[in-house]
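Have a look at the structure below, then the notes.
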Amino acid sequence: MDVVRLEGGQHAETWRVDTNNPVLRVVVRQFPAGDDAAIHEQRVLRSLDGLGGLAPLLLAGDVDGRWSPYPTSLISWVDGAADITPTDPKEWASELGRGLARVHGTPTERLASLPRVSADEEARAKLSGPLAADVLSHWSQLVASSPEVLTHRDYWSGNVVWRDGKLTGVVDWSGAARGPRGYDVSWCRLDLILLFDERIADVFLEAYEAATGQLVDAVALWDAWALARSHDVVESWAPNYAPLGRPDLDEQELRSHHSRWTARLLERT
């Protein structure tokens with residue numbers, strides 16, 4: 001049996017496990033003791049049922065300490081690997097947009113068991129920085145900005161996998177819920193700003209809107225929300241980027257990119 005730790009995340013410890021008899025490849029995810037994310041992830045994966053091959057299948061789970069003192073999910077392997085250093089950033093960003101469109105196209109009847117995120121008091125409490133007041137003053141506009149869709153809640157380049165230049169899957173569903181499409185769109189746009197620039201973030205948005213056939217309402221306001229949500233924590237993301245090939249995005253660089261994007265949005269408002 002071979003066990004390989006999968007990099008790029010901080011919430012759960014994640015390993016790929018290959019067995020010889022039977023020949024099988026699975027993923028084991030362990031969450032901190034007392035964390036209810038495993039329970040939620042397992043509920044989400046049951047509802048998604050593989051999402052047409054885009055999401056892993058839940059194979060087994062332990063949230064009661066039967067296998068381990070840590071809440072654990074055993075899920076199927078989604079064929080592919082993370083890639084945040086593409087040779088063609090524009091096509092890569094377009095694939096990210098089309099992938100998110102597939103997620104948001106999930107039939108609403110499959111989302112009934114998931115919580116809502118749009119009017120979450122905790123989410124509002126986490127907003128900080130120069131744009132927070134403006135976002136809070138327009139909160140009702142964000143809540144009503146679009147119909148509810150399947151919201152991943154952490155859709156960034158490190159939570160998708162690729163094979164031969166094509167997006168083959170989306171992983172880490174522990175936070176998924178029902179919410180406005182702008183939630184995921186703006187979160188991924190922020191990731192692309194940190195990795196590249198606004199031009200690549202716009203390519204992603206254009207591909208998403210083309211795939212869904214709908215414009216995203218209040219994009220600038222959602223961009224401001226993503227910045228306010230991440231204002232106090234963006235430096236802590238450096239360990240996510242480094243093992244995936246971007247060690248240059250250290251704490252100082254992440255803060256610098258975040259501050260420049262904040263300044264641009266402040267100029268526009």
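Computed quantities for the displayed model
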| item | result |
| --- | --- |
| Distance from the range 153-178 to the range 219-236 (C-alpha centre basis), Å | 19 |
| Descending principal axes extents, the chain, alpha-carbon based, whole Å | 60, 39, 36 |
| Charged-residue dipole, Cβ positions (Lys, Arg, Asp, Glu), the range 89-268 about Cα centre, Debye nearest 20 | 360 |
| Förster radius 41 Å - calculated FRET efficiency between residue 236 and residue 166 (Cβ-Cβ, nearest 0.05) | 0.85 |
| Between helix 219-230 and the chain: long-axis angle, C-alpha atoms, 0 to 90°, nearest 10 | 60 |
| Virtual spin-label span in nm between residue 206 and residue 17, 7 Å along Cα→Cβ | 4.6 |
| Relative contact order, percent, the chain [alpha-carbon distance under 8 Å, six or more residues apart] | 21 |
| Stretch gain in nm, segment residue 269-residue 62, where the contour uses 0.36 nm per residue and the Cα spacing is subtracted | 69.7 nm |
| Neighbour net charge for residue 189 - beta-carbon separation under 9 angstrom, K R +1, D E -1 | -4 |
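Readers should treat all values here as calculations from the given coordinates under stated rules, not as data from a laboratory. Note that the coordinates shown come from a computational prediction; the quantities given were computed from them, not determined experimentally. Methodologically, a virtual Cβ is constructed for each residue, glycine included, from the backbone with ideal geometry; neighbour enumeration extends over all protein chains shown.
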